[in-house]
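**Q** Okay, here's the structure, questions in a sec.
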Amino acid sequence: MISPIDGTLQNIMQYESNMINKKLEWEKTKTEDGFGRVVIDNFLDEETCMKLYEECMNAPKGGWTVFTRANSRMEEFNDLISLPTAHRVTYDIMHSGEFLYQLENMTGIVGLLPDPHLVGAGYSILRNGTILAPHYDFNWNDRLRLHRKLTSLLYITPNWKSDWGGHNVVWDGNPELNPNAKIIESTAPLFNRFVINENIPKGPVHSVSEVTCPDDVYGRCAIRFFYYVSTSEYDKENPPHRSTYSSNEYSHHKLHEEEEWNGHFVGNGGEDYGYTPKIVN
Ligand SMILES: [Fe+2]
């Protein structure tokens, strides 16, 4: 097991450098197709990604469910409590404020939230000979009561070959309903490749091509994370206010004042966003 602090910092530094230049890719796909998406290779350090794969293979049998629908079949597992690497990657990295900040910067989407319950997320395996038929994803998480906005997958099967199938195929329509539907993009599930796709109303339609790996390969393994946005407004009967005391006397400042800081910024709901830097002319 990698050390909790060093490993996490190493991973954060790696994904930050990976995501800095992905903003243009996101904007280009969004402009051309109406939904943004990016592919990031070498997302985590290889050792961590390999540990994710080993934990996937050895995850307790009782925690797996199998999803079947319209010729599709996928095994799913989201109870990460006994899987130290998956748990730490999920809650220390993928659900962290630092990562959400990077996602928001890259996508321009404000107010992204993770799902700590991993509804429909976590590990997934597509075995040899299986597919996912064309579909669009569920849009509402009833546990969080939020709309789904981003779907991300990290592929974790080592040495995956592109001709073993299992590609994530994005369409401009449902090919089962419209024979003229065309493939926009097909992405191979290569080891340590991270893909982020935007969910839009009733789209995008996507499928997974048939997995045709050798019999001694475990399958197309991935770990998935979904991100949500709230469209809710505050309750008009209970509008935002600051913490309220019997006295309105108020002081809030840095314990150790620094010259380069100007003052603190308080939001409309009274929330304190901390200090703003002093503007230097
Ligand atoms: Fe999907």
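**Q** Once you have a ≥ b ≥ c as the square roots of the Cα gyration tensor eigenvalues for region 56-187, tell me rounded if a/c is under 1.5, and otherwise prolate or oblate according to whether a/b is larger than b/c. The partial results should precede the final answer.
**A** Values: a/c = 1.62, a/b = 1.19, b/c = 1.37.
Oblate, because a/c is 1.5 or more while a/b does not exceed b/c.
**Q** Ranked from highest to lowest mean number of other Cβ atoms within 10 Å per residue, what is the order of the peptides 154-166, 107-119, 200-212? Write out the running numbers ahead of the final one.
**A** On the way: 154-166: 19.3, 107-119: 15.5, 200-212: 17.6.
With the highest mean Cβ count within 10 Å placed first, the list reads 154-166, 200-212, 107-119.
**Q** Something else now. Give the angle, between 0 and 90 degrees and rounded to the nearest 10, that separates the Cα long axis of helix 46-58 from the longest principal axis of the Cα atoms of the chain.
**A** 60
**Q** Which one, 110, 121, 74, is farthest towards the positive end of the dipole of the chain when Lys and Arg carry +1 and Asp and Glu -1 on their Cβ?
**A** The Cα lying farthest towards the positive end belongs to 74.
**Q** Looking at region 9-229, how many pairs of lysines come closer than 30 Å at the Cα, when each pair is eight or more places apart or spans two chains?
**A** Lysine pairs, 8 or more places apart or on different chains, close enough: 28.
**Q** Distances over 30 Å make up what percent of all Cα-Cα pairs in the chain? Provide the component values of the computation, followed by the final result.
**A** Details: 15047 of 39340 pairs.
Result for the distance tail: 38 percent.
**Q** Counting alpha carbon pairs within less than 8 Å and at least 6 residues apart, what relative contact order, in whole percent, applies to region 9-229?
**A** Values: 442 pairs, mean separation 59.7, N = 221.
So the answer I get is 27 percent.
**Q** For a test of the definition: using alpha carbon positions, the gyration tensor, and the 1.5 limit on a/c, classify region 143-205 as rounded, prolate or oblate.
**A** Oblate is the answer for region 143-205, as a/c is 1.5 or above yet b/c matches or exceeds a/b.
**Q** In debye, nearest 20: dipole of the chain around its Cα centre with unit charges on the Cβ of K, R (+) and D, E (-)? Kindly include the intermediate steps, with their values, before the conclusion.
**A** Details: 25 positive and 39 negative charges, 168 e Å.
Here the chain has a charge dipole of around 800 debye.
**Q** Hey, what angle do you get for helix 97-107 against the long axis of the chain, alpha-carbon based, 0 to 90 degrees rounded to 10?
**A** 70
**Q** Among 134, 177, 89, whose Cα projects farthest towards the positive end of the dipole of the chain, with charges put on the beta-carbon of Lys, Arg (+1) and Asp, Glu (-1)?
**A** Of the candidates, 177 comes out farthest on the positive side.
**Q** To the nearest 10 degrees, how steeply does helix 4-19 sit against the main Cα axis of the chain, on a 0 to 90 scale?
**A** Its long axis makes an angle of about 80 degrees.
**Q** What is the gain in length, in nm to one decimal, between residue 61 and residue 159 on full extension, counting 0.36 nm per residue of separation less the C-alpha to C-alpha distance? Kindly include the intermediate steps, with their values, before the conclusion.
**A** Working: separation 98, 0.36 × 98 = 35.28 nm, distance 2.46 nm.
Going from the current span to full extension adds 32.8 nm.
Every number in this text was worked out from the coordinates using simple rules, so none of it is lab data. Computed from a predicted model, the values in this text were never measured in an experiment. In this analysis, Cβ positions are derived from the backbone assuming ideal geometry, glycine residues included, and neighbour counts consider all displayed protein chains.
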